[in-house]
Amino acid sequence: MKLNKPLTKPMIALLLALTATPALAAPTGNNGQGFGVGEVPPGHQKKQLPSGYVIIDDYAQYNLPAPNGFKYAKHDGKIVKIDSDTMQVIATVGLISALLGN
């Protein structure tokens, strides 16, 4: 059996195709740094409050019970409950004017 067999045309074409693949790949924009967009590992991205919502820290002012595992927020004249983990609205508590007795 001869080990110094010359490469055939199909073998050369296959070798060129395999080595050219990374060079022809579309750029991703992160240049191989980080974990993707924003360089934040999956699951570590901080959850954000929906646009236009403002967290209420003084819930006693609105005659609300102390939050347990959620937060209160104001939006468009209403008070809503926000899940502390996902920052998603889970319920509408009421109108600000009604809670303040106006």
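Below is a table of values for the structure above.
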item: The range 92-102, residues that are modelled with pLDDT of 75 or more and open to solvent by less than 40 Å² (accessible area, probe 1.4 Å); result: Gly94
item: Condition met for Lys46 (within 30 Å of Gly94 (Cβ to Cβ), in a loop (DSSP other than H, G, I, E, B), modelled with pLDDT under 80 and open to solvent by 60 Å² or more (accessible area, probe 1.4 Å)); result: yes
item: Any hit, the range 15-37, residues being under 21 Å from the mean Cα position of the chain (by Cα), hydrophobic (A, V, I, L, M, F, W, C) and either modelled with pLDDT under 75 or open to solvent by 90 Å² or more (accessible area, probe 1.4 Å) (or both); result: yes
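The values are calculated or read from the model by the stated rules, or taken from the named source; none is laboratory data. The model shown is predicted, which means the values in this text are computed figures rather than measured ones. Here the Cβ is made from the backbone with ideal geometry for all residues, glycine too, and neighbour counts use every protein chain on show. When the accessible area is computed, the model is the full protein with side chains, heavy atoms only, and any ligands, DNA or RNA have been set aside. Shrake-Rupley method; radii C 1.70, N 1.55, O 1.52, S 1.80 Å.
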